[in-house]
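Derivation of every value follows stated rules applied to the coordinates shown; laboratory data play no part. A quick note: this is a predicted structure, and the numbers were derived from the prediction, not measured. With ideal geometry, Cβ positions are generated from the backbone for all residues, glycine too; neighbour counts draw on all protein chains shown.
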């Protein structure tokens, strides 16, 4: 059984995460996934760009969690259709951004898959991790950094 980090549970679900911080997590996750988008080696698929658009609309209060879930399902289907391992990792990062609307800790998954994509190129992940950390808004920095120290988010 997977136990979620309670700090990522939204206020409306009884947790401590404010809507503003949830939106910041979505924005940061989108930036992490977008940063590795140039590594996508397949033909650009509209479902991929749609996920980024839905994430932005959700942050602006113009898309529902259901819209985000449907965008995530589209990217999951895309990832299953791809054969290039690097493109699959980039797509999985995009899945995590829209999944953040449902559960905020998916934002960590967007960053993690972005790191995995960089690692798949044969490059060290330290520079990408530093980039991710530098793009953390101060309001969520401590939360993300403490959660990322969990062993499931450490790449070797």
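Return yes when residue 10 is more than 17 Å from residue 141 (Cβ to Cβ), touching a residue at least 60 places away in the same chain (Cβ under 8 Å) and in contact with a strand residue (DSSP E or B) (Cβ under 6 Å, 6 or more places away or on another chain) and no when it is not.
Criteria met by residue 10.
Any idea which residue in region 82-100 is surrounded by the fewest Cβ atoms within 10 Å (Cβ to Cβ), counting only those that are over 16 Å from the mean Cα position of the chain (by Cα) and outside any helix (DSSP H, G or I)?
83
Criterion first (in contact with a helix residue (DSSP H, G or I) (Cβ under 9 Å, 6 or more places away or on another chain), surrounded by 14 or more Cβ atoms within 10 Å (Cβ to Cβ) and in contact (Cβ under 8 Å) with a residue 40 or more places away in the chain) does residue 79 satisfy it?
For residue 79, the condition - in contact with a helix residue (DSSP H, G or I) (Cβ under 9 Å, 6 or more places away or on another chain), surrounded by 14 or more Cβ atoms within 10 Å (Cβ to Cβ) and in contact (Cβ under 8 Å) with a residue 40 or more places away in the chain - is not met.
Go through region 10-36 and count every residue that is crowded, with 17+ Cβ neighbours inside 10 Å and in a loop (DSSP other than H, G, I, E, B).
1
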